[in-house]
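**Q** Questions regarding the structure given below will be posed in turn.
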Amino acid sequence: MSIHIVNPLTDPRWDDLVSWHPKASVFHRRGWLEALERTYGYKALVLTTTPPGQPLKDGIVLCRVSSWLTGARLVSLPFADHCEPLLDGPEALVEFADWLQAEWRRRRWKYVELRPRSQSCDLKWDLPNSQSYSFHVLDLTPATNAIFQSFHKTSVQQKIRRAEKMGLAYEVGRTENLREEFYGLLVKTRKRHQLFPQPRSWFKNLFDCLGESAEIRVARKDNLPVAAVLTLRHETSVVYKYGCSDESFHNLGGIPFLLWRLIEESRATNAAELDFGRSDLDNEGLVAFKDRFGTKKTLLTYLRYPRAKNEAAGESWGVRTAKQIFAILPDTISPVAGSILYRHIG
C-alpha cells in the first residue's frame, strides 16, 4: 500500500472527504488549516492511500512546525484539542505509522504527534501514548429542560438564573466590535492565569477563514462586557473553544449564562453535541467546572513518536520559561509577546 501526500488547501478532494466522513471535525476544515498557515506559517499536508485522480477514501492531516525553540516536528493538529485520523478501515493504520516513523528518521524531526479523539485505533498504531487530558462532551439531544436539570444546582443553575435576574445583556455574532470585546477579556483572563494571550491575528484569521462556522457571544452589564465565549461548528458538533471573563463580575455568572444561551441556540439548529474540549488532568477547577454541566468525561490521549522523555509533550523547558516571563508583562505588551512565542508551541 502506497502513501500519497496531498495539499488540503488546494486539493478539493480533501474538502469532499471532510464533508462526508463521520469523524471529521471543525479542526479538519480548510478554514482551520488556512488560519494556522496565515497566523503561524504552519504548512499543512494530508497523507492518504488514495492515488491521484480518485476521490479520497482516507486521510490524516498534519502540519509542519519548524522552531529553533521547540524543534521541528509534525503535529495533527496544532492548537486543536483533537484531530481524528479519517480512515476507511483499520487496515491502513500500520502503513501510516510506518510512513511517519520512516519520515521522522529521514527528516530528523524531533517527534511526530497525533491527537485522536477516540482510542479505537490504539492497538493498531505502532506509536506510543503521550500526554493525556480530560475531555468533556455534552449531549444536546435530550429535551432542553432535561439538559438544564442535569446541571449542578448551585454552581450552574443558580448562576444562570442570577445572570437573568441581574439583566445581563447578550449579543452573538461575528462583528469587529464583538471580537474586540472578546479579545480585551481574553487578555485579562490569560493574565489572571499567568499565561500570555494568543495573537489578535489568530482570531481575525479564524473568522476570515471559517466564516459563519465561528461565533462570539458576549454578556454585558450596563454596556460593559463581563464575559465572552468563542465557538466553532462543523455539521452537528459545536466546539466551545475559548472562554474569558472579567473577574470583577464573576458573581453575575456570565460564563454559565452564555453557555446556556449557546446550548439553547445550538439545539434549535439541530446540533447534537457541545464539545467542551480538553483539560489538563491536574487542573481540578476546570475539570470540575465542566463536570457540573452534565457532560460526559473521557480520557483524551495523544500518540507521539518517539515517546517524550523528561518534558511535557509539546512544551519544552524553553517554552515554559518564556511563558513565565511573558506572563508578568503589562497588558499592552503581552499580546505582542504572545504573537512571537505562540508559533513555537503548536
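**Q** Please work out whether region 59-105 counts as rounded, prolate or oblate from its C-alpha gyration tensor, where a ≥ b ≥ c are the square roots of the eigenvalues and a/c under 1.5 means rounded, while otherwise a/b larger than b/c means prolate and anything else oblate?
**A** Oblate, because a/c is 1.5 or more while a/b does not exceed b/c.
**Q** Right, something else. Using label points projected 7 Å from each Cα along Cα→Cβ, tell me how many nm separate Q158 and S201, to one decimal.
**A** Computed distance between label sites Q158 and S201 equals 4.7 nm.
**Q** Here is a follow-up. Taking a threshold of 18 Å on the Cα-Cα distance, which of the pairs K165/K241; K153/K290; K153/K221; K204/K241 fall above it?
**A** On the way: K165/K241 27 Å; K153/K290 14 Å; K153/K221 23 Å; K204/K241 15 Å.
Where the Cα-Cα span goes over 18 Å, the pairs concerned are K165/K241; K153/K221.
**Q** Let me ask something additional. If the reach is capped at under 16 angstrom between alpha carbons, list the lysines near K57, excluding any in the same chain fewer than eight residues apart.
**A** The qualifying lysines are K23.
**Q** Now, a different point. Would you calculate the separation in nanometres between label points at S66 and A288, each defined as 7 Å from the Cα along the Cα-to-beta-carbon direction?
**A** Distance between label points: 4.6 nm.
**Q** Moving to a separate point now. Shape of region 136-300 from its Cα gyration tensor (a ≥ b ≥ c, root eigenvalues): rounded if a/c is under 1.5, otherwise prolate when a/b > b/c, or oblate?
**A** Rounded, since a/c falls under 1.5.
**Q** Between region 278-303 and region 186-263, how far is it from one alpha carbon centroid to the other, in angstrom?
**A** Each part's Cα centre sits 19 Å from the other's.
**Q** Okay, moving on. Using 1/(1 + (r/R0)^6) with R0 = 22 angstrom and r between the beta carbons of R192 and Y170, what's the FRET efficiency to the nearest 0.05?
**A** Using R0 = 22 Å, I get an efficiency of 0.45.
**Q** If each residue of separation counts as 0.36 nm, what is the full-extension length gain between N251 and T10 once their alpha-carbon separation is subtracted?
**A** The span from N251 to T10 would gain 81.9 nm if fully extended.
Since every read-out is calculated from the coordinates, none of them should be taken as a lab result. These numbers come from a predicted model, not from an experiment. No Cβ is skipped: glycine too gets one built from the backbone with ideal geometry, and neighbour counts run over all protein chains shown.
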